[in-house]
Amino acid sequence: MHIWVLAEARDGQVKRISYELVTAARALDDSADVTAVLVGSGVGPLAGDLAAHGADRVLLVDDVRAAQYSPDGWGNLLARLAREDRPDVILGGATARGRDLTPRIAAGLGVGVASDAVEVGMAAGRLTAVRPIYAGKALARVVVHSDPQIATIRPNSYPPCERPAAGTVVAADAGDYVAGAVVTHLEAAASTRPDVAEADIIVSGGRGMAGPEHFALIEALADTLGAAVGASRAVVDAGWRPHGDQVGQTGKTVSPSLYIACGISGAVQHLAGMKTSKYIVAINKDPEAPIFSVADYGIVGDVFEVVPAVTEAVRALRAANG
Amino acid sequence: MNTVVLIKQVPDTATRIQDRTAKGRVDLSGVTWVVNPYDEYAVEEALRIKAAHGGTVTLIALGPERVASALKDMLALGADEAVQIVDPAFDDLGAQGTAAVLAAAIGKLPAPPDMIWAGWKGVDDDQGLVPIYLAHALGLPHVSFVVQVAIDGGRAIVQREVEGGKETVTTPLPAVFTAQKGLNEVRYASLKGIMAVKRKEIPAWDAAAIGVDPASIAPRAVETTEITPPPERPSGRILGGAPSDAARELVRLLHEEAKVI
């Protein structure tokens, strides 16, 4: 089988999702010919990183005209290259880039997309996917009938591939490249913390934090763990935290390895957005709070005492382990 | 600046979907239907653009009879016109088919829009596909996850939310835009607005009215074979004792048992 993975790069670095997609491709067919597709200007040197993370081939469009991301420009370009290179499957990330570009490629090819999958597989020769719907209140199993078979996969659903492969570079031509909407500038968030949508650990706060100033406790724990800071809808709507931090049905739906909910009671919309986390910790003073029903570990207590104590215990663990 | 806003009606986000999931499907009978929350941001932005630049706001929804109430809710906020596309032949369209039908309907409007807005996804099936397919079908650029927009002559300068920051995108108009939370704060309908739409007739267009042969629509490319409740999480452990003891035990378990820190 021939599988394309849509690699992502930013600031001269291949993004981790690219390597996770290689693992997903190998899960579909371990002997597949996995082609990482990379577009941009001056991105050639990144091919080595993709090889080190399991790409058999790197389909490279290194062209100054396509230096800046354009959904229609890159979408039409990659639809044309897909017609020429004929992958059986195309996997993109369910990221701000992948959720934007992958459907545009699919539209150009006149085919469907199984979007935001947390698991992919093959059944009777067709791509299947498990995708949360209603923000995770239910799971849909879907089968893709059109060719090439396309899916986007949520970050952290697969570990990054660490098995090197040949990474043979195949240069492709941008042809008569035309772009309408074009990225002109990227403004990095002031925070150096990971983004809630792609973080491996998230520490979230809710109304139980009693005020925006107390999020310093959440941030201290998050920074000790190298984690992102999340928030419930209540505190985002109250203006305590930025919209981008919201976890839940009208915010981010996340699947980190560890989700620590502090002072969050667990409204149905919030639980939907974080229930697929591998481990959930709840810290809340109300033992009846619904958040405890999804938690692996719970501490019933005052967040103002417990959260700093957890931060201290993590520091002690780190110190003990050097 | 004429805008079209795509409206989807979805179950209220408070609906306990997991309790309605059985035998491989979701039973939506008797749910409360609301306007997709992301579409509300799209409507609000269209109304603000109208206030700043003039023009009209036209709402389009594809769906059964009940969808008319969603259109009335949004008309009450100040949109000018609404069109409902309703035809039994359109009951089970995939994202591509939906986009093809919407594209045909937009082609029947008296004036072509300068901007087409939609929520970035419906909070029911969470696909986030239709607006992007629509842009392609209309031969237009698109910008997704929009949190800010400024119009500058024949182009729009847009901020979109990405992981760890914001991208600025410049696009010629017309174009398709999808709204992300944070774009604006939505308004509430005034009593006057609500009274005004009571009498408003919403045209219903069927396949013939928009000139679409249902047989020509792409079949559903992604088929749902089964819907299940999310797996039950094993019952958790409550860690007791003084906060410092509970915290130490928690960190030990996360390190030694869960191995996530």
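For the protein assembly as shown, what does the accessible surface come to per residue with a 1.4 Å probe? Please give it in Å². Could you put the intermediate results ahead of the total?
On the way: 22310 Å² over 583 residues.
Per residue, the protein assembly as shown has an accessible area of 38 Å².
State to the nearest 20 debye the size of the charge dipole of the stretch B:3-216 about its Cα centre, where the only charges are +1 on K and R beta carbons and -1 on D and E beta carbons.
Approximately 420 debye in magnitude.
For B:E161, A:E162, B:E44, give the ranking by accessible area with the largest first, probe 1.4 Å.
Working: B:E161 30, A:E162 125, B:E44 5 Å².
So, going from the largest accessible area down, we get A:E162, B:E161, B:E44.
Quote the accessible area belonging to B:E163 in square angstrom, nearest 10, computed with a 1.4 Å probe and with ligands, DNA and RNA left uncounted.
Rounded to the nearest 10, the figure is 20 Å².
Run the Debye formula on the Cα coordinates of the stretch A:230-269, all scatterers equal and no solvent, and tell me log10 I(q)/I(0) at q = 0.33 1/Å.
For the stretch A:230-269, the Cα-only Debye profile gives -1.34.
Could I get the Rg over Rh figure for the stretch A:70-137? Both from C-alpha atoms, Rh via Kirkwood, rounded to two places. Can you show the working numbers first?
Numbers: Rg = 12.8 Å, Rh = 12.9 Å.
Dividing the radius of gyration by the Kirkwood radius yields 0.99.
Any idea what the alpha-carbon Rg over 2.2 N^0.38 Å comes to for the stretch B:123-237? Mind showing how you got there, number by number?
Numbers: Rg = 20.2 Å, N = 115, 2.2 N^0.38 = 13.4 Å.
It is 1.52.
Sequence-distant or interchain residues sharing an amide H contact under 5 Å with A:A261, placed H: which?
A:S204, A:V281, A:A282, A:I283
Relative to the longest principal Cα axis of chain B, at what angle does helix B:37-53 sit, 0 to 90 degrees, rounded to 10?
That helix lies at roughly 40 degrees to the long axis.
Which value results for Rg/Rh of the stretch A:1-105 when Rg is the Cα radius of gyration and Rh the Kirkwood radius based on the inverse mean 1/r?
Details: Rg = 12.4 Å, Rh = 13.4 Å.
The Rg/Rh ratio comes out at 0.92.
Using unit Cβ charges (K, R positive; D, E negative) and no other charged atoms, how large, in debye to the nearest 20, is the dipole of chain A about its Cα centre?
Around 520 debye, computed over chain A.
Of the beta bridges DSSP finds with both residues in chain B, what % are antiparallel, to the nearest 5?
On the way: 19 of 42 bridges.
Counting DSSP beta bridges with both partners in chain B, the antiparallel share is about 45 percent.
How large is the Kirkwood hydrodynamic radius of the stretch A:200-319, in angstrom, based on all distinct alpha carbon pairs? Walk me through the intermediate numbers first.
Numbers: mean 1/r = 0.0728 Å⁻¹.
With all distinct Cα pairs of the stretch A:200-319 included, I get 13.7 Å.
Convert each backbone phi in the stretch A:286-293 into a coupling constant with the Karplus relation 6.51 cos²θ - 1.76 cosθ + 1.60 (shift: θ = phi - 60°), then list the ³J(HN,Hα) values in order as whole Hz, x for Gly and Pro.
My calculation for the stretch A:286-293 gives 9, x, 8, 4, x, 4, 5, 6 Hz in order.
Could you pull the Rg and Dmax for chain B, using just the Cα atoms, both in Å?
21.9, 71
For the protein assembly as shown, with the dipole built from +1 on Lys and Arg beta-carbon atoms and -1 on Asp and Glu ones, taken about the Cα centre, which of A:A117, A:S31, B:G240 lies farthest toward the positive end?
B:G240
For chain A, take the longest principal axis of its alpha carbons; what is the angle in degrees between that and the long axis of helix A:303-320, to the nearest 10 within 0 to 90?
That helix lies at roughly 60 degrees to the long axis.
For a quick check of understanding: with a 1.4 angstrom probe and all protein chains in place, what accessible area in square angstrom does A:R193 have, to the nearest ten?
Using a 1.4 Å probe on the heavy atoms, I get roughly 60 Å².
What list of ³J(HN,Hα) values in whole Hz, one per residue of the stretch B:245-261 in order, does the Karplus curve 6.51 cos²θ - 1.76 cosθ + 1.60 (θ = phi - 60°) give from phi, with Gly and Pro shown as x?
For the stretch B:245-261, the Karplus-derived couplings read 5, 4, 5, 5, 5, 4, 5, 4, 5, 5, 7, 8, 9, 7, 6, 9, 10 Hz, x marking Gly and Pro.
Along the charge dipole of the stretch B:3-216, which of B:T171, B:G54, B:V158 sits closest to the positive end, that is, farthest toward it, with unit charges on the beta carbon of Lys, Arg, Asp and Glu (+1, +1, -1, -1)?
B:G54
Rounded to the nearest 500 deg cm²/dmol, what is the calculated helix-only ellipticity per residue at 222 nm for the protein assembly as shown, with -39500 (n - 2.57) per DSSP H run of length n ≥ 4?
It lands at -8000 deg cm²/dmol.
Would you mind telling me the antiparallel percentage of the DSSP bridges in chain A, rounded to 5? Could the numbers behind the result be given before it?
Numbers: 13 of 58 bridges.
Percent antiparallel among DSSP bridges in chain A is about 20.
In what order, largest first, do A:K275, B:K108, B:K166 sit by accessible area if the probe radius is 1.4 Å? The partial results should precede the final answer.
Details: A:K275 45, B:K108 105, B:K166 80 Å².
If we order A:K275, B:K108, B:K166 from most to least accessible, we get B:K108, B:K166, A:K275.
Counting only DSSP beta bridges with both residues in the protein assembly as shown, what percent are antiparallel, rounded to the nearest 5? Provide the component values of the computation, followed by the final result.
Numbers: 44 of 114 bridges.
Approximately 40 percent, going by the DSSP bridge assignments.
With θ set to phi - 60° and the Karplus curve 6.51 cos²θ - 1.76 cosθ + 1.60, what are the ³J(HN,Hα) couplings of the stretch A:119-127 in order, to the nearest whole Hz, using x for Gly and Pro?
7, 10, x, 10, 9, 6, x, 10, 6
For the stretch B:179-239 and the stretch A:220-278, compute the distance between their C-alpha centroids and round to whole Å.
24 Å
Which of A:V281, A:V268, A:V182 sits closest to the plus end of the dipole of chain A, meaning its Cα is farthest towards the positive end, when Lys and Arg get +1 and Asp and Glu get -1 on the C-beta?
A:V268
Enter the angle in degrees (range 0 to 90, nearest 10) between the Cα long axis of helix B:95-107 and the first principal axis of the Cα atoms of chain B, meaning the one along which they spread out most.
That works out to roughly 30 degrees.
Could you rank the peptides B:32-39, A:211-218, A:238-245 by their average count of other C-beta atoms within 10 Å per residue, with the highest value first? Before the final figure, lay out each step's value.
On the way: B:32-39: 20.0, A:211-218: 15.9, A:238-245: 18.2.
By packing density, highest mean first, the sequence is B:32-39, A:238-245, A:211-218.
What are the radius of gyration and Dmax of the stretch B:24-158, computed over its Cα atoms and given in Å?
15.1, 51
Summarise the partner chain shielding of B:116-125 as one whole number: the mean count of Cβ atoms from other chains within 10 Å of each residue's Cβ.
Values: counts 0, 0, 0, 1, 2, 4, 2, 9, 5, 6.
For this peptide, the per-residue mean of nearby foreign Cβ atoms is 3.
Dipole magnitude of the stretch A:9-68 about its Cα centre, charges +1 at Lys/Arg Cβ and -1 at Asp/Glu Cβ only, in debye to the nearest 20? Mind dumping the intermediate values first?
Values: 6 positive and 9 negative charges, 44 e Å.
With only Lys, Arg, Asp and Glu charged at Cβ, the dipole is about 200 debye.
So how much slack lies between A:E213 and A:V178, counting 0.36 nm per residue of separation and subtracting their Cα-Cα distance, in nm? Walk me through the intermediate numbers first.
Details: separation 35, 0.36 × 35 = 12.60 nm, distance 4.82 nm.
Taking 0.36 nm per residue and subtracting the Cα distance, the gain is 7.8 nm.
Take the alpha-carbon positions of chain A, form their convex hull, and give its projected area averaged over all directions (one quarter of the hull surface) in nm².
Details: hull surface 69.3 nm².
Averaged projected area of chain A's Cα convex hull equals 17.3 nm².
Kirkwood hydrodynamic radius for the protein assembly as shown: how many Å is it when counted over pairs of different Cα atoms? If you can, show how the numbers build up before the last one.
Details: mean 1/r = 0.0406 Å⁻¹.
Kirkwood radius, the protein assembly as shown: 24.6 Å.
Just how much of A:D29 is accessible, in Å², when a 1.4 Å probe is used and the result is rounded to the nearest 10?
It works out to around 30 Å².
Using amide H atoms built 1.01 Å from N in the peptide plane, name the residues 5+ places from B:R155, or on other chains, whose amide H lies under 5 Å from its own.
When sequence neighbours closer than 5 places are left aside, the close amide H contacts are B:L173.
Amide H neighbours of A:T253 under 5 Å, counting only residues 5+ apart in sequence or on other chains, H built in-plane at 1.01 Å?
Correct list: A:G248.
The values are calculated or read from the model by the stated rules, or taken from the named source; none is laboratory data. All values derive from a computational prediction rather than experimental measurement. Neighbour counts are summed over all protein chains in view; Cβ atoms, including those assigned to glycine, are modelled from backbone coordinates with ideal geometry. Side chains included, ligands, DNA and RNA excluded: accessible areas come from the protein's heavy atoms. Shrake-Rupley method; radii C 1.70, N 1.55, O 1.52, S 1.80 Å.
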